[in-house]
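Peer 1: Okay, handing you the structure first.
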Amino acid sequence: MSLFVLTLVLFSAFMHAGWNLFLKKSQDRLVTMATLHLVSGVIGIAAVPFLPTPYPESWPYIFASVVLHLGYQLFLVKAYIYGDLGQVYPIARGLSPLLLVFVSVFWIGEELSTKMMIAIGLITMGIFSLIFRGKIFFDHSFRAVFYALLTGSFIAAYTLADGLGVRFSGNAVSYVLWLMALECWPLLVITFFRRKQDLLGSLRQNWKFAVPGGILSVSAYSIVVWAMQHSPIALVSALRESSVVIAALLSIWILKEETTTKHLIAVMMVATGVIMTRI
């Protein structure tokens, strides 16, 4: 991997953590999330007329992914209402590869290597440490953990659906852009009916978080897709997961969230384990 590609992938990880920072920092996270995905939706809608239509075999996966992305979006909003960026993000991003490893073992029948067993141990210990980092059965902490775990489950589910769907699509770029064009609409409809009394006012308050967040989200994913065409996919994917550490640092430096040495060690354990599952 060249230094240029390495720099771009790490910048992509920073951007992914960045849009989560914008979401956490906004006052109305539902409107921010909807606007954020509207940005990516507009890009998808503008691009699909110029691309080949995905093969019919991939459409069930596209529609399944739209539903799964909706669950991910709603539960992530809930998680950030009740929890800190430095807790929610590592749990959600760490649980997904952990679940996918178990799916590959118990459903597909793959054997676990020693490296994978070590990765599972690190992620599991890190997540449990993050879950029990404070008094989770008081106030909002239990809800934050619950919604972060649900978010991670939906990330794993749509990752699996997209991983299968893109193989049947005939064109990976078409698959991704059609998904971007479609996935924003369910969330926009839900947001409209839940916020229609004060939708414009909320948009005025939150656009400064939503629009940059949408640009960061699309840019981060585009860089990763481009990088995978020029470097080993496993290496790009592993470097991309450095966002777990970046999000934890942003939560301390910008949001001034309380942290401990134990918390930072837990984040590093999750990040190391996730990277090990990718290489």
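The values are calculated or read from the model by the stated rules, or taken from the named source; none is laboratory data. Keep in mind that this is a model prediction, so the values were computed, not measured. Please note: Cβ atoms are built from the backbone with ideal geometry, for glycine as well, and neighbour counts cover all protein chains shown.
Peer 1: Kindly establish whether Leu112 is among the hydrophobic types (A, V, I, L, M, F, W, C), modelled with pLDDT under 85 and crowded, with 17+ Cβ neighbours inside 10 Å.
Peer 2: Details: among the hydrophobic types (A, V, I, L, M, F, W, C): yes; modelled with pLDDT under 85: yes; crowded, with 17+ Cβ neighbours inside 10 Å: no.
The answer is no for Leu112.
Peer 1: Is at least one residue of region 49-64 surrounded by fewer than 21 Cβ atoms within 10 Å (Cβ to Cβ) and farther than 25 Å from Asn171 by Cβ?
Peer 2: no
Peer 1: Oh, and also: Can you find a residue that is out of contact with any helix residue (DSSP H, G or I) (no Cβ under 6 Å at 6 or more places or on another chain) and at pLDDT below 85 anywhere in region 172-182?
Peer 2: The answer is yes, given that some residue of region 172-182 is out of contact with any helix residue (DSSP H, G or I) (no Cβ under 6 Å at 6 or more places or on another chain) and at pLDDT below 85.
Peer 1: In region 246-264, which residues are surrounded by 13 or more Cβ atoms within 10 Å (Cβ to Cβ), in contact (Cβ under 8 Å) with a residue 12 or more places away in the chain and either out of contact with any His (no Cβ under 9 Å at 6 or more places or on another chain) or not in a helix (DSSP H, G or I) (or both)?
Peer 2: First pass over region 246-264, keeping only residues surrounded by 13 or more Cβ atoms within 10 Å (Cβ to Cβ): 246-252, 254-255, 257, 259, 263-264.
Add one more test, that the residue is in contact (Cβ under 8 Å) with a residue 12 or more places away in the chain, and what stays is 246-248, 250-252, 254-255, 257, 259, 263-264.
Answer for region 246-264, where residues must be surrounded by 13 or more Cβ atoms within 10 Å (Cβ to Cβ), in contact (Cβ under 8 Å) with a residue 12 or more places away in the chain and either out of contact with any His (no Cβ under 9 Å at 6 or more places or on another chain) or not in a helix (DSSP H, G or I) (or both): Leu250, Ser251, Ile252, Ile254, Leu255, Glu257, Thr259, His263, Leu264.
Peer 1: Which condition does Gly273 not pass, out of (1) farther than 27 Å from Tyr55 by Cβ; (2) at pLDDT 85 or above, if it passes all the others?
Peer 2: For Gly273, the failing item is (2).
Peer 1: List every residue pair whose Cβ atoms lie under 7 Å apart, where the two residues are 6 or more positions apart in sequence or sit on different chains, the first residue falls within region 180-192 and is within 17 Å of Tyr221 (Cα to Cα) and in a helix (DSSP H, G or I), and the second residue, located anywhere, is among the hydrophobic types (A, V, I, L, M, F, W, C) and modelled with pLDDT under 90.
Peer 2: So the pair list comes out as Met180/Ile43; Cys184/Leu38.
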